[in-house]
Each structure stands twice: as structure tokens, then as C-alpha cells.
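Beneath this line is the structure, given in C-alpha cells, with notes to follow.
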Amino acid sequence: MNKTITVSCIGVGQRGNIYMTEMLKLGKDKYKIVSLCDLKTERLELAKNNYGVLGSNLFTDEDEFFKEKRSDLLIVGTNDQDHVRLCLKGLKVGYDILCEKPISDKEDELKELLKVQQETGHKVVICHVLRYAPAFMTIKEYVDSGVIGQVVMIDDIENVGYSHQAHSYVRGNWRTTKEAAPMILAKCCHDLDLLVWLANSKCESISSLGDLRYFKKENQPVGASSRCKDCKYRGSCVFDAYELYIKQNFWGRVAVTDKRPITEEALRESLDNGPYGRCVFECDNDVVDNQITMMRFKNGITANLRMTAFTACGGRIMKIYGTYGQIDLDETRGVIELKPFGKEKTVTQISSLIDATNGHGGGDHGIVESLYDFLTKEQSKNISLLDVSIESHLMGIAAEKSRIHGGERIVINHDK
Ligand SMILES: NC(=O)c1ccc[n+]([C@@H]2O[C@H](COP(=O)([O-])OP(=O)(O)OC[C@H]3O[C@@H](n4cnc5c(N)ncnc54)[C@H](O)[C@@H]3O)[C@@H](O)[C@H]2O)c1
């Protein structure tokens with residue numbers, strides 16, 4: 001019989017629910033959801049019914065929730081700026097933790113969390129879900145097998161997509177560094193983590209250029225309104241919120257309204273009055289919409305990461321250049337190509353590796369599966385522990401510092 005891991009979740013939003021849903025897909029005897037904490041009672045009520053949690057185990061106040069240890073594992077699924085504070089509380093009460101990324105955009109917070117994690121001996125796993133996505137696992141296996149010889153350089157393009165940018169980084173939760181991590185961490189700590197993993201080395205130095213180019217007042221079309229609702233460009237503007245969330249069924253609609261099921265009426269009401277109905281040229285956003293980052297790793301590998309809002313669709317493109325061959329991964333076309341020099345190439349359709357319903361290319365499912373093995377058998381060749389995950393965050397913090405200083409080269413300090 002399987003050991004059952006009991007689970008609590010603080011921050012029962014999009015991400016918290018994704019992990020709990022994936023946990024239950026593994027079968028009820030592996031994970032059992034037992035307690036929940038969120039500021040919003042309607043989210044708690046919905047989750048209570050979905051996961052069969054007792055009403056007495058629902059909390060809206062974190063102090064009340066942390067009065068005692070309520071399960072084996074705690075999911076920290078709140079917004080960016082709260083992760084370290086809640087992880088520290090969780091570790092002190094005795095939880096092993098699954099914590100959302102980014103951990104923090106502050107170096108001193110990262111160091112404090114690592115110190116407390118090491119002192120308490122509890123496990124902290126960071127949701128770098130792409131390490132568990134079959135497509136990225138495939139290219140990692142290729143690299144480590146030596147089939148392309150020694151890796152010399154890596155190119156990574158993060159195609160954010162114009163609609164995703166507008167949703168998350170202009171109108172939504174990650175639009176300003178007052179409330180969320182800078183975009184190089186919020187969007188790209190996954191990329192930075194993948195680069196460390198693929199390079200098999202820590203990063204030595206980094207420099208970065210980028211700015212907020214387009215989504216600002218000076219680019220607003222003449223005569224446009226502050227909200228799409230009464231704008232004369234309704235129907236012709238590609239950022240028309242009603243077109244995007246209602247007609248095109250854009251995935252971001254799950255964040256537009258808390259009502260379930262999501263109805264057109266609920267969407268209209270939120271777009272008429274809420275943040276997602278604002279003109280993209282008249283929001284309080286300050287995060288970048290384009291950024292280029294250049295890195296040198298300690299083992300000599302160099303890499304470059306381009307993050308851009310200005311793409312038709314989302315998905316990463318990675319090219320890994322080795323002394324005997326090349327690997328191309330293209331999520332926008334759904335293929336991985338292994339091209340050893342002078343030999344036949346091997347082409348893999350990414351769709352053949354995953355179930356399309358699993359988010360993050362199967363990574364959302366993969367992480368909870370690996371986590372179970374790790375917690376019950378200490379077995380998992382690839383688990384994104386805190387000490388390893390901090391590396392990508394040090395890189396992101398350094399890249400942002402470089403960007404603010406006009407691309408200055410920053411040497412990364414690895415003293416923890
Ligand atoms: N791993 C990934 O690939 C990935 C993808 C998207 C988002 N994220 C990260 O996941 C985190 C959550 O994102 P989301 O989209 O689920 O956000 P969300 O807004 O849907 O959910 C956050 C929830 O936390 C609750 N909350 C906030 N402060 C709280 C507190 N003190 N106590 C209890 N509840 C509190 C909010 O009420 C909300 O329900 C963010 O940090 C985000 O950057 C990670």
C-alpha cells in the first residue's frame with residue numbers, strides 16, 4: 001500500500017489548484033488534501049468541495065493557519081512577494097514545502113530561507129516545473145549522453161506572446177515590481193534554471209539589456225478610451241479585452257473572474273469594471289516587454305536568452321550547440337531535432353511525449369509525481385530543491401541589476 005502524503009495549501013489560486021488537481025490524478029492514496037488557507041472565502045468554498053476538505057480546516061488568516069502543523073506537506077501558492085515569509089513560517093512549524101517560483105527577488109531573503117531550511121532539515125522543492133516536462137527532459141538526456149559532444153553555446157528564446165504579455169505583464173498580477181518580481185524572474189526564472197541544468201554549471205557573469213518599449217501612454221492610439229468598454233477601437237484593436245477573453249476564449253479568462261462556471265455574463269461584468277478591461281496603453285505597468293540577457297558559465301559555456309512580448313504565440317525555442325552536433329527544441333512548432341554532425345537527424349514530435357491536457361508541457365503533472373517519490377522514497381534523480389533553484393534567482397537578480405545599469409557585466413556572488 002502507498003504511503004499517503006497529507007497536504008495543506010496556502011494560496012488557493014490558479015497554481016495552488018493546479019498542483020492539488022494533479023495530486024489527486026495520481027490516485028487518492030498518494031496525496032490527501034486536508035487543509036486550505038486563502039484570503040478569499042469563495043476560493044476556499046470551491047476548493048473545499050473539489051478536494052473534500054472539512055469546513056473546520058479552512059482558514060482566511062495565515063496566523064491562525066500556522067498555529068499548528070496540519071499535514072506533511074505545505075503548498076505555498078500565493079503571489080510572488082509572500083513566498084519567503086510563508087515558507088519561513090511553514091518550516092518553523094515543521095512542514096516539507098512545495099513553493100511556487102519565483103522564490104524571491106531579494107538576495108538576503110533567499111539566503112535567510114536557505115539557512116532556515118538547512119537548520120530545520122525540512123525539504124523545500126521549488127516549482128521549476130519545466131525540469132519535469134518530457135520535452136526538456138529529452139534534451140537534457142541528449143546533452144548528458146554526450147551525443148552532441150561538449151556544449152559550447154545555448155540560445156534560448158522565450159516567446160511570451162502579445163496576448164500573454166497584455167494579460168499578465170500589462171493588465172495583470174505581474175505588471176509592476178511594486179507587487180511582483182521583475183519579469184526576468186517572474187517569467188524567465190524557468191529559462192535561467194533550464195540553462196544552469198543544461199550547462200551543468202553555475203553562472204559566472206551576466207549582462208542584460210531591456211526596457212518597456214510599447215505598452216505605455218505615448219503609444220495609445222489617438223482618441224482611445226481608458227477602458228475597452230467604450231473605446232472607439234473596439235473590434236479593431238488586437239488587445240480588445242472583450243474580443244480576447246470572450247470571443248477568442250483566451251486561457252487568461254480563468255483569472256478575469258472568480259465565478260465558476262465561467263459565463264459570458266461574469267466575464268463582461270469583470271471586464272466592464274476590473275483590471276483586465278483596461279486599455280493596455282493606460283495601465284500602471286512598469287515591467288519590461290523585451291529583454292536580452294547574455295551569460296557565461298563557470299565551465300566556459302555561453303548562453304543568451306531573449307524574452308519578448310512581440311510574438312504571435314507563446315513557447316520556447318532552444319538551440320544547443322555542441323562540438324559534435326546540435327539540438328533544436330521548438331515549442332512553437334512542437335518539435336525537437338537532434339542533429340549529430342554528418343549523421344541523420346532524429347525528429348521527435350513533442351505531442352508524442354505528452355498528454356496535451358497537462359500544463360507546462362507535462363511539467364505540472366511531472367513535478368507532483370516526482371515529489372511523491374522524493375518524499376516517500378527519497379528517490380528522484382531530478383528534484384528542484386531550494387539550494388539548486390536559488391542559482392537561477394541569483395542570475396535573475398543580477399540580470400535585473402545589469403539591465404537597470406545599462407547592461408553592465410555583473411559577476412555572480414555564489415556565497416550562500
Ligand atoms: N510554476 C509556474 O510555472 C508558475 C506559473 C504561473 C504562476 N506562477 C507563480 O505562482 C504564484 C501564484 O500565481 P497564481 O496565478 O496562482 O495567483 P492567484 O492570484 O490565482 O493565486 C494566489 C492566491 O493567494 C491568495 N493569497 C495571497 N496572499 C495570501 C495570504 N497571506 N494568505 C492566504 N492566501 C493568500 C490569494 O487570495 C489568491 O487566491 C505566483 O507567485 C506566480 O508567479 C508560477
Inset, instruction - Go through (1) farther than 18 Å from Leu44 by Cβ; (2) among the aliphatic types (A, V, I, L, M); (3) surrounded by 19 or more Cβ atoms within 10 Å (Cβ to Cβ) one by one and return the number of the condition Val76 breaks. - result: (1)
Legend entry - Count - residues of the stretch 235-262 that are in contact with an Asp or Glu (Cβ under 8 Å, 6 or more places away or on another chain) and touching a residue at least 40 places away in the same chain (Cβ under 8 Å): 1
Inset, instruction - Could you check how many residues of the stretch 176-187 are away from the ligand (no atom under 11 Å from the Cβ) and either in contact with a Leu (Cβ under 9 Å, 6 or more places away or on another chain) or over 18 Å from Lys106 (Cα atoms) (or both)? - result: 1
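Give me a count of the residues in the stretch 19-72 that are touching a residue at least 60 places away in the same chain (Cβ under 8 Å), within 16 Å of the ligand (Cβ to nearest atom) and part of a helix (DSSP H, G or I). Step through it out loud before you land on a result.
To start, the set of residues in the stretch 19-72 that are touching a residue at least 60 places away in the same chain (Cβ under 8 Å) comprises 19, 22-23, 25-26, 30-31, 40, 42-43, 46, 70-72.
Now drop any that are not within 16 Å of the ligand (Cβ to nearest atom), which leaves 19, 22-23, 40, 42-43, 46, 70-71.
Remaining after also requiring part of a helix (DSSP H, G or I): 19, 22-23, 42-43, 46.
Residues that pass the stated criteria total 6.
For Ser380, indicate whether it is at pLDDT below 95, closer than 28 Å to Cys203 by Cβ and not assigned by TED's automatic domain parsing to the domain that holds Tyr31. Give the derivation first.
On the way: at pLDDT below 95: yes; closer than 28 Å to Cys203 by Cβ: yes; not assigned by TED's automatic domain parsing to the domain that holds Tyr31: yes.
Spelling it out, Ser380 is indeed at pLDDT below 95, closer than 28 Å to Cys203 by Cβ and not assigned by TED's automatic domain parsing to the domain that holds Tyr31.
Within the stretch 73-105, which residues are assigned to a helix (DSSP H, G or I) and in contact with a strand residue (DSSP E or B) (Cβ under 6 Å, 6 or more places away or on another chain)? It would help to see each step written out before you state the result.
Start the filter on the stretch 73-105 by keeping residues that are assigned to a helix (DSSP H, G or I), which leaves 80-93.
Residues satisfying the conditions are His83, Leu86, Cys87, Gly90.
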Inset, instruction - Run down Val143, Val116 and say which single residue is more than 20 Å from the chain's Cα centre (by Cα), part of a helix (DSSP H, G or I), touching a residue at least 12 places away in the same chain (Cβ under 8 Å) and assigned by TED's automatic domain parsing to the domain that holds Asp80. - result: Val116
Inset, instruction - Might you let me know whether the stretch 398-412 holds any residue that is modelled with pLDDT under 95 and out of contact with any strand residue (DSSP E or B) (no Cβ under 6 Å at 6 or more places or on another chain)? - result: no
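Inspect the stretch 203-219 for any residue being assigned to a loop (DSSP other than H, G, I, E, B) and free of Cβ contacts under 8 Å to residues at least 40 places away in the same chain and give the result as yes or no. Before you say what the answer is, go through the steps one by one.
Filtering the stretch 203-219 down to residues assigned to a loop (DSSP other than H, G, I, E, B) leaves 212-216.
Now restrict to residues that are free of Cβ contacts under 8 Å to residues at least 40 places away in the same chain: none.
There is no residue in the stretch 203-219 that is assigned to a loop (DSSP other than H, G, I, E, B) and free of Cβ contacts under 8 Å to residues at least 40 places away in the same chain.
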Inset, instruction - Please note which strands (runs of 3 or more DSSP E) are completely contained in the stretch 246-365 and include at least 1 residues that are under 30 Å from Gly406 (Cα atoms) and in contact with a Ser or Thr (Cβ under 8 Å, 6 or more places away or on another chain). - result: 290-297, 302-308, 315-322
Legend entry - Among (1) within 16 Å of the ligand (Cβ to nearest atom); (2) not assigned by TED's automatic domain parsing to the domain that holds Ile184 - the single one Leu375 does not satisfy: (1)
Inset, instruction - Being of a type in the set (S, T, N, Q) and within 28 Å of Leu44 (Cβ to Cβ) is the filter here, so list the residues in the stretch 230-279 that pass it. - result: Asn249, Thr257, Thr263, Ser270, Asn273
Inset, instruction - Determine the pairs where a residue that is aromatic (Phe, Trp, Tyr), located within the stretch 78-104, has a partner that is in a strand (DSSP E or B) with Cβ atoms under 6 Å apart, the partner being 6 or more residues away or on another chain. - result: Tyr95/Leu74
Inset, instruction - Could you list all residues from the stretch 6-18 that are surrounded by fewer than 21 Cβ atoms within 10 Å (Cβ to Cβ) and more than 10 Å from the ligand (Cβ to nearest atom)? - result: Thr6
Legend entry - Every residue from the stretch 94-123 that is of a type in the set (Val, Ile, Thr) and either away from the ligand (no atom under 15 Å from the Cβ) or over 23 Å from Ala399 (Cβ atoms) (or both): Ile97, Val116, Thr120
Legend entry - Residue match in the stretch 121-139 (condition: at pLDDT 95 or above, part of a helix (DSSP H, G or I), among the aromatic types (Phe, Trp, Tyr) and farther than 30 Å from Thr4 by Cβ): no
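The values are calculated or read from the model by the stated rules, or taken from the named source; none is laboratory data. Just so it is clear, the structure is predicted and the values come from calculations on it, not from any experiment. Methodologically, a virtual Cβ is constructed for each residue, glycine included, from the backbone with ideal geometry; neighbour enumeration extends over all protein chains shown.
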